[in-house]
Structures are given as structure tokens and as C-alpha cells.
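Structure, as C-alpha cells:
The values are calculated or read from the model by the stated rules, or taken from the named source; none is laboratory data. What you see is a predicted model, and the numbers here were worked out from it, not measured in a lab. Every residue, glycine among them, receives a Cβ derived from its backbone with ideal geometry; neighbour counts consider all protein chains shown.
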Amino acid sequence: MSSVRAKVAVVTGAGSGIGRQLAFELARRGARLAVSDVDKDGLAATVDRLRALGALQVHSAHLDVSDRDAVSSYAGEVIEHFGVVHQLYNNAGIAGGTAVLDDEWETFERTLAINLFGVVHGTKAFLPHLVESGDGHVINISSLNGLMAQPKISAYSASKFGVRGFTESLRAEMLSAGHPVQVTVVHPGGVRTNIAAAGLERARRVRAVSAEEEARVRTYNEKLLKMPPQRAARIVVDGVEAGKPRVLVGNDAKIVDLLVRLFPRQYPALVARMERKRFS
């Protein structure tokens, strides 16, 4: 077990959802925090709550993780502020998209830029400092859809499978080189956040949204996104403190993981049948 107490932890996407609750959970356990988000108002609310919780130290910054230069500069700011970084939670991400035949290029580019390259940018910027700390840890948030692909979220699935592959490769590199950095990939299942609704709202700003897309988001919010984000955050930080290389958040993620392992060839057809039944 490795306590997060007094560690400097960086959390991206801390303005809402799992990222916000990760920041709160880390604060409760005595971590020093660097939090960021592209949503200035959401981030400000997170910082206010952290201070109410008595967080030891809090550094906050507006940050778009898809901007490589901005992430690199941000890493320098955090090091200048704290002098060291121990943990990096690459959490920032977006949902959205529809069928491959219908999706615009912008959807793929923006989703991959944030969900995948945001993780790469953060890791590249902070990894030398994590090595230097002598007790580093990279935690990358993938998804249930980094274990199992589903129809009509191809850009999202591609990004989350990419996070999984990148993280597992990074873990092998750290082990091979003997660097003092642990690496964890996290696969949350259905967590009660605004990610689906926010994705629909982004789509509305650039194109007409179909009734099917609206129904899909309602189904996600009412039936699938069930776990409170506070509980998800506790599971993640428990896994980090236990040194787990892989954390499955929720029974749905555990069931999906087992399904894909047992039926690697058959599961896409099964998922397609479930999709037709659920959204017909």
C-alpha cells in the first residue's frame, strides 16, 4: 500500500464528474492538488469545495489538454509551484459522435485530440518529473469502451482503446527501464456524470441532432449511468494506493471485461443485438 497523503497529485478535467470527485477524494486523504479544466466556472466551483474540505495546497489552471504546448507550459507551472509531482490523473475527456458513415471529421479529430492525445500530452509533459520524484504514478482514465467497442461511438471507443494501449505500453517501459513510476489504467463503467449530455449539447452546436441520438442519451442517463461519481473516485484512489495496474470501476465494467475475454469473436454480434433491442 502507498498512501497519497502529502503527495502532489495532478488531476485534469477536475471541473466536473469523476475528475472533480477524484480531487475531493485526494484532498480528503491529504494530498496536495493541482487541478485543471477547460471549464473555468466548473473548475472554480471545484476549487471552492477543495478549500472548504481543508485541502493542504491547491493550484488551479484553465487548461485544454488537446493543446500540447499549453500542457507542457502547465507542467512547468505545477513544478514551479510545488517543486515536485508524484501522481498524474489524466482524466479529462468528452463523449459524443454517431455512426461512422454519419460522423463528421471534426468529431473524430476533437475526440481523439482530447481523449487520447490529451493523455499523451499530459504523460509526456509530467513523466520526467514523476521519474525525478522517485515515487511517481501515472493514472490514465480509459472506459468500459476501452474494453468493449459499441456501435455509434466509434471515435470514443477508438480513443479509449488507445488510452488502454498507450498506458499498458508505458507500464512495460517503466518496468523495463526500472524507473520508479507505477502506471495504472482505469476502466469506469456507467458513472453518473454529465458526459453524455455534454456530448449531445456539443453536437447541437454544429449540426442537427436526430431523435435517435436524443433517445440514446436519455437511455444512458436514466438506465446506464448509475454509479455515483464519489464512489467511482474512491474505487480509483483505493486502486492507486494498492498499486493496482488495472482498475475496473463498477460491476458493468467487470461483466464486460469477462464477456470480451470469454467471447472475443462473438461479442460484437451480441452487442449489436443488445443495441437494436435497447434503442429500438
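Summary of computed values
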| quantity | calculated |
| --- | --- |
| Boolean, VAL100 is of a type in the set (A, V, I, L, M) and either at pLDDT 95 or above or touching a His at 6+ places or on another chain (Cβ under 6 Å) (or both) | no |
| Filter pass, VAL260 being at pLDDT 95 or above, surrounded by 13 or more Cβ atoms within 10 Å (Cβ to Cβ) and farther than 27 Å from SER16 by Cβ | yes |
| Any chance TYR89 is buried (at least 19 other Cβ atoms within 10 Å of the Cβ), over 16 Å from the mean Cα position of the chain (by Cα) and aromatic (Phe, Trp, Tyr) | no |
| Set LEU43, LEU22, LEU33: member being in contact (Cβ under 8 Å) with a residue 60 or more places away in the chain and crowded, with 17+ Cβ neighbours inside 10 Å | LEU22 |
| Some residue of the stretch 140-162 being among the basic types (Lys, Arg), in a helix (DSSP H, G or I) and at pLDDT 95 or above | yes |
